[in-house]
Every structure is written in C-alpha cells, then in structure tokens.
Amino acid sequence: MKRALLATTLLAALTGPALADGHEIKMGLILGFTGPIESLTPGMADAAELAWREVSDSGLLLDGSTIVSIRADSTCIDAAAATSAAERLITSDNVVAIMGADCSGVTTAIANNAAVPNGVVMVSPSATSPALSSIEDDGHFFRTAPSDARQGEVLAEIVRDAGYEEVAITYTNNDYGKGLSDSFQSAYEALGGNVSITAAHEDGKADYSAEVAALDAAGGDALVVLGYLDQGGRGIIQGALDAGSYDRFVLADGMIGQSLIDAIGEDLEGTVGSLPGSDSDNATNFLAHAAAAGVDADGPFRPESYDAAALLALAIQAAGSTDRAAVKDAMIGVANAPGIKIEAGQLDYGLFLVKNGVNIDYVGATNVEFLENGDIPGSYKELVVEGGAFETKSVR
C-alpha cells in the first residue's frame, strides 16, 4: 500500500495538472432516487462519483479529460420509467457508459431495451437476480454485486445456524424477490429446514394486514423478508409486529439499511441477515479513503458503486477513447488478472499504468474479478441487529 501511494505521489509530480482544454466525458448514473430503496441510493451515488472525481482530478484520463456525472432516477420498480430515463441518458445526453441500475427488474429492462441495443456498457452495483447471469447482453452488462443464487445459499446457512427449523417467506413480487426466494428456499430445505409458506407482496401499499394474516396462519419460527426496506418489506414487518404474528425476522440485502431500524425500532434487535461485502483489508482501506475525501462509504452497496464507476473510467483509459464498443472490449482486461493490483484510492496510479501499456488488475474495494458472463463470485456479510445497528458477525 505504501509503495503504491509513493508511486502515485511521484506520478503527480511528473504528469502535472489536467489540461485546460481537456474533454468532458459524460457518464450516466441511474439509481432509484425515489421508490422502495430511496434511502440507500444517495450514498451509492456519492461513492460512485467519488471514483469519478478522483479520475478527473488526476489529470491522467485521456490526457486531461474529466468525467461529468449525469444522474437519472430508475425508481427501482417502474421498468418503463427506468427505460425512458436510460434512453435519455444514451440518446439526449450521449453518455459513454452507465453506472447502474440498482434493482434487478429495472436493470434487466434497461439492459434489454436501451443499453444493449445502443451498444452501451452498464455496470450494476446492486442488481442481484440470478436471471441476469444469462441475459443476452453481447458483453455489455456487468455487476459488482454477486448473484442471489449464492446469497440464497448463504442466507440459508445463517438461518439454520440461528436455530430456525421452520420459517415463513415473503418476497417482493418482482425478478429480484422471486429469484432470491427460490434460491433461499431450495438451499434451506436442502439443509433440513421447512418452509411453512412462500408468499409474494407488492410494494407501495398502505396496508399489509391481509398478507400478514396469511403468513401468521402458516406459522414458523421466524419470518424471512426478501423485499425493500423503504416500502413493502418494512410494511410487512411493522404489520407482523402490530398483529403479534412474528417477533423474529430474517433479512436479505434489499432490507439492509439504517432507515429500517430507525422506522421499526428496538423490535428488530436480534434480526439476522445477509449483505454482499467483506471485512478484507481492501474494504477497510476503502472506508478510510472515502472518509478522508468527505464521503461516508459505510453503507449497503457503496463499495460496489465505487468499484463500478472506477472500472468504467479505467476501461475508457484502456480503450484510448470514448468509443462505446472499445470501452466494452476493455472491461475484462482492466478488471482481471494478470496485472498490477489497483485498490480503491489508487485510480491515478491505475490510469498511469494503463496509459503506459502496463496491465492492471483492479481489485478495488470488493476484490473484483469478473466471470465470463460479467458476474463476480463475491462474498457475503452475516449481519445481526445489535444496539440499534446492523453489525457484521462473519463473512461467508
């Protein structure tokens, strides 16, 4: 780490400031700034734009070019609105690539209807549906969060280790919720657990008493909530508590965020869950780096957002231009071994190496390594609510 920091200091002295006439490169950033995860997305956007700010400030991107971030709202749940927003980014704003989207359904819609047809690379930091592993994307879609095919297995292990022999499952009625529910149920039953009921719920409802009544009638040691923390999932939990149906809960990544604890309160104490991430040195260093830059990166999908944005910038450098096809072709090369490892906060060093024909292996904050289909293997934190906050108990 110290050697790399010394190298970047020397590079800054050698290369000087950005060119005054440097080109502005427009990049799209599409997340659900409204909707069922709206409390998560500001932090994700800030983390992504931190990476782009570092790249711009370095003066090394395409000989002094800077990145301009153009935000758009995916809504997380409205596929038509998300596609329209992405089309505006691609056609009107002429962005080179897209960081996003977030929720799996809108991400699939954007990829199929806007990004891939127009040859635009997109990197999602949080879309985790297993179905995205096999979309026909012609190499344009990547993600820095792992598939729920793996999360279902990890969550099943957490639930069995917690001693829950029978659970009820409620999931948000979309690609993300259904895919994760299927993955979890299959893995949980393979470990000897029993599922009393599997029931979908819709987001945006004012009353979930009917859904809670059905879950209550089925029973179980705990209620597994595979939804979104700012709408349906939170409504289900509050309804279950009000009705006295369940007092033990299991959550997956879409339900992880401080806003849920703030809304529900101490009744969530002891709740267990899963979230992509790790406690590696890379992850720890990223948090310190972001804090020094005035960015709070300690939150769901913030490291993944930083890495997604960083990879896009490094791919532009490797492509030697903003040509969309060339950027697509450069993605795997900057992300995977072999090459000099580049961590979060070392983007200037990475840009310099790429410019001079040296292979890099961007590991970033989340130990990125793309599979052939644009997925990553990833790791998961085992979480528990203690003292009014989500605490990491282990990494799996």
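Please treat every number below as a calculation from the coordinates, not as lab data. These numbers come from a predicted model, not from an experiment. Neighbour counts are summed over all protein chains in view; Cβ atoms, including those assigned to glycine, are modelled from backbone coordinates with ideal geometry.
A few comments on the model shown:
- Near residue 230: Cβ cut-off under 12 Å, other residues only, Lys/Arg at +1 and Asp/Glu at -1. The net charge is -2.
- J(HN,Hα) series, the range 262-274, from Karplus relation 6.51 cos²θ - 1.76 cosθ + 1.60, nearest Hz, glycine and proline x: 4, 7, 8, x, 5, 5, 8, 3, x, 4, 10, x, 9
- In order along the range 345-353, the phi-based Karplus estimate (6.51 cos²θ - 1.76 cosθ + 1.60, θ = phi - 60°) of 3J(HN,Hα) comes to x, 10, 5, 5, 5, x, 4, 5, 4 Hz; Gly and Pro are listed as x.
- Alpha carbon convex hull of the range 28-164, volume per residue in cubic angstrom: 127
- Value of D in µm² per second that Stokes-Einstein yields for the range 179-277, Kirkwood Rh from Cα pairs, at 37 °C (0.692 mPa s): 238
- In the chain, taking the dipole from charged Cβ atoms about the Cα centre, the farthest positive-side position among 126, 303, 192 is held by 303.
- The range 313-332 and the range 33-73: distance between their alpha carbon centers, rounded to Å: 17
- Entry note, the chain: relative contact order of 18 percent, from Cα contacts under 8 Å with a spacing of 6+ residues.
- Taking 355, 205, 341 in turn, the Gaussian network model of the chain (Cα-Cα springs below 10 Å) assigns the largest fluctuation to 205.
- Computed over the range 282-321, the convex hull of the alpha-carbon atoms projects to a mean area of 3.1 nm².
- Here the Karplus curve 6.51 cos²θ - 1.76 cosθ + 1.60, taken at θ = phi - 60°, turns the phi angles of the range 153-165 into couplings of 5, 5, 5, 4, 5, 4, 5, 5, 5, 6, x, 7, 8 Hz, with x standing for Gly and Pro.
- Cα extents of the range 246-386 along the three principal axes, largest first (Å): 58, 34, 24
- Per-residue packing, averaged as other Cβ atoms within 10 Å, sorts the ranges 284-291, 37-44 into the order 37-44, 284-291, beginning with the highest.
- At R0 = 41 Å, FRET efficiency that the Cβ-Cβ distance of residue 26 and residue 202 yields, to 0.05: 0.70
- Taking the range 257-278 and a reference point 7 angstrom along Cα→Cβ of residue 395, the backbone N atoms nearer than 15 Å belong to 275-278.
- Expected-Rg normalisation [2.2 N^0.38 Å, Cα atoms] applied to the range 305-396: 1.28
- Residues whose placed amide H lies under 5 Å from that of residue 341, excluding near-sequence neighbours: 361
- Net charge dipole, the chain: roughly 1160 debye, given to the nearest 20, about the Cα centre with Cβ charges of +1 for Lys and Arg and -1 for Asp and Glu.
- Inverse of mean 1/r across different Cα pairs in the range 151-220, Kirkwood, Å: 12.5
- For the range 38-84: rounded, prolate or oblate by the Cα gyration tensor [a/c cutoff 1.5]: oblate
- For the range 220-275 and the range 164-218, distance of Cα centres in Å: 12
- Label-reachable residues, the range 92-121, where backbone N falls under 16 Å from a point 7 Å from residue 329's Cα toward its Cβ: 119-121
- Debye log10 I(q)/I(0) at q = 0.06, 0.08, 0.09, 0.11 Å⁻¹ for the chain, Cα point scatterers: -0.23, -0.40, -0.51, -0.74
- Förster radius 35 Å - calculated FRET efficiency between residue 80 and residue 263, Cβ distance, rounded to 0.05: 0.75
- Computed on the range 265-385, with alpha-carbon pairs under 8 angstrom and 6+ residues apart, the relative contact order is 36 percent.
- Kirkwood analysis of the range 194-237, using all unique Cα-Cα pairs, places the hydrodynamic radius at 10.8 Å.
- Extents of the range 208-326, largest first, come to 61, 33, 21 Å (Cα atoms, principal axes, whole angstrom).
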